[in-house]
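A short worksheet on the structure shown next.
We did not get these values from a lab; they are worked out from the coordinates using the rules stated. Since this is a predicted model, take the numbers as computed values, not measurements. Heads up, the Cβs are rebuilt from the backbone with ideal geometry, glycines too, and the neighbour counts pull from every protein chain shown.
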């Protein structure tokens, strides 16, 4: 079982990202879950979304999770919410920020000694897609760090997931995914 | 003519999307709706299918849930295939008309995305609305995941529209935990799904002007009792065999097997949890963990809540030493409804298990695997002692001091 927790603000696309990732993983024959805690569900409110992936049928519907990966797609949530909640010893953090990994850890000492990677998904999405929708680039970064799938395989399948969007938007998302894949450190 | 919607063999859908596609494939004549969280996307998706040419029927935006179900009743009496969706307070507002639908023997399919009923206001999943409907004369089928929602919608149409039944059916799923959780759903093509349900054949329809009928008449003490008895008789005698037949048909078509009572590792089980919704599967996972330790644990999931499969449940629990019933609705003044049902099912049988009750998960409070482990530990102690080692009713997952009664 692989478990992922997303930290996002409502409207940044964490649910769409979690569902898109689930579609790609499901296409490889694994069982999947993608869900979220909505709370008051106001645009801009801090929220969390979740993925579970397994070779076996997933029976577990508890919301409690000790994530293998924590994906943070809004920079301020590192300080405003408890992104290390219910972590495991080897939980991996991939965090959107304009800071370097060292600067980020210095600014949030809770991350000291943990497996932390950084990438600026906000900037990447602004420069490629044209607005701050940092969900798809985060998936590119996750592919690099987790080695879940080859980037070619992943973008090919993400292309199918996004196929109902206008061609221009799909192309921009593909570039965003590859940029984050290359830029995550 | 509506366009064919090309589906992949396996889609990643949440429970709401699964319900929307099942309604689309059923070629419903009239959907009248007043959306409410968390069931909103069912009719929202449906409206978008309609706008994109995938639906031939009518979509009526009503002024309230009372109005929505009233439209459904009118359309069903007129002779159409009819469906809608609701949750929580919206369900509560429909309640009066639910009795009209069942009393008039109108085969309407209602997707109920289970949600808490306020006050305090809460949009999350519990079974308060499902429990509120249990005396309303509707068939109630319960789902544990999005695949169930898709399949049970197809089953619901096929069962409730049968001329030997003609009773409305609710298809229940857990708010957010199923309705907003995307999982794999194996689909049927539009043709195959429609053929499984079958063509809608009206009976006593008001628009059959050659055979005029009256619907919704008044009957006082002369006939009211006989009408209600006939309705109960149909629920008690015709529905379970018809659901079983639909389950058999679905299995032949898809390989997926559903049962009136979903027994999980119950053959030699000494301790068992009885529950509904997503909790059934989480309990199954915990029972697997206990089995790996050599503990004879099992789970009984309620698939059909009304009509209640009393004999089948008693049979599934035969030989158990300790049983916990889990209720996700505040009983407000007594034991949980499922406790009552189970006590009734087991009382005159040779099963003399210790029976206890847990209230859990109100307003979407998480049912953790750790809580389920605690329940099974209580059950082991009860089985060993041969009598309750805990209070009869306990609240689990509640913050603050432990709360228990009886």
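Suppose the chain between residue B:221 and residue B:121 were pulled fully straight at 0.36 nm per residue; how much longer would it get relative to their current alpha carbon spacing?
Contour length minus Cα-Cα distance gives 32.0 nm.
Along the Cα→Cβ direction, 7 angstrom out, place labels at residue B:8 and residue B:293. What is the inter-label distance in nm?
Taking the simple label geometry, residue B:8 and residue B:293 are separated by 3.9 nm.
Cα centroid distance between the range A:1-78 and the range B:126-143, in Å?
Centre-to-centre (Cα) distance: 30 Å.
Taking chain B as the reference, fit the longest principal axis to its C-alpha atoms, fit the long axis of helix B:337-346 to the helix C-alpha atoms, and give the angle between the two in degrees, 0 to 90, nearest 10.
Roughly 70 degrees between the two axes.
Highest GNM mean-square fluctuation, chain B, Cα pairs closer than 10 Å: which of B:335, B:217, B:109?
B:217
Just to confirm my numbers, what's the Cα centroid distance between the range A:117-185 and the range B:362-406 in Å?
46
Looking only at Cα atoms, what is the convex hull volume of the range A:2-183 per residue, in Å³?
With only Cα atoms used, the range A:2-183 gives 113 Å³ per residue.
Rounded, prolate or oblate: pick one for the range B:77-210, where a ≥ b ≥ c are the square roots of the eigenvalues of its C-alpha gyration tensor, a/c under 1.5 means rounded, and failing that, prolate if a/b is larger than b/c, else oblate.
oblate
Take every DSSP beta bridge with both residues inside chain A and express the antiparallel ones as a percent of the total, to the nearest 5.
Expressed as a percentage, antiparallel bridges in chain A total about 55.
How tilted is helix B:369-385 with respect to the longest principal axis of chain B? Cα atoms for both, answer in degrees (0 to 90, nearest 10).
On a 0 to 90 degree scale, this one is about 60.
As a test, work out the antiparallel percent of DSSP beta bridges whose residues both lie in the protein assembly as shown, rounded to the nearest 5.
So the antiparallel bridges amount to about 35 percent of the total.
What is the Å³ per residue value for the convex hull set by the Cα atoms of the range B:261-405?
106
For the range B:10-254, take the convex hull of the Cα atoms, compute a quarter of its surface area, and give me that in nm², please.
Result: 13.2 nm².
Given the -39500 (n - 2.57) contribution per DSSP H run of 4+ residues, what per-residue ellipticity at 222 nm results for chain B, rounded to the nearest 500 deg cm²/dmol?
Working: 13 runs with 160 residues, N = 406.
Taking each H run of at least 4 residues, the total per residue is -12500 deg cm²/dmol.
What is the Cα coordinate range of the protein assembly as shown on the first, second and third principal axes, sorted by size from largest, in whole angstrom?
That gives 84, 66, 44 Å along the principal axes, largest extent first.
Return the average number of partner chain Cβ atoms within 10 angstrom of each residue Cβ along peptide B:173-183.
So the per-residue partner count for this stretch is 5.
Treating the angle as unsigned and between 0 and 90°, give the value, to the nearest 10°, between the Cα long axis of helix B:40-51 and the longest Cα principal axis of chain B.
Approximately 30 degrees, to the nearest ten.
Averaged across the residues of B:278-285, what count of C-beta atoms belonging to other chains lies within 10 Å of each residue's C-beta?
Going residue by residue through B:278-285 and averaging, the value is 4.
Mind ordering A:142-154, B:321-333, B:203-215 by average Cβ neighbours within 10 Å, highest first?
So the peptides A:142-154, B:321-333, B:203-215, ranked by packing, come out B:321-333, A:142-154, B:203-215.
When the Cα centres of the range B:1-49 and the range B:156-186 are compared, how far apart do they sit, in Å?
So the separation of the two Cα centres works out to 12 Å.
Can you tell which of A:62, A:156, A:103 shows the greatest fluctuation in a Gaussian network model of chain A with Cα springs below 10 Å?
Top of the fluctuation ranking is A:62.
What fraction of the DSSP beta bridges in chain B is antiparallel, stated in percent and rounded to the nearest 5?
25
Of A:166, A:75, A:67, which is the most mobile in a GNM of chain A whose springs link Cα atoms less than 10 angstrom apart?
Looking only at A:166, A:75, A:67, the largest GNM fluctuation is found for A:166.
Other chains' Cβ within 10 Å of B:197-203 residues: what's the mean?
0
Kirkwood Rh and Cα-based Rg: tell me the resulting Rg over Rh for the range A:83-185, rounded to two decimals.
Computed over Cα atoms, the ratio is 1.01.
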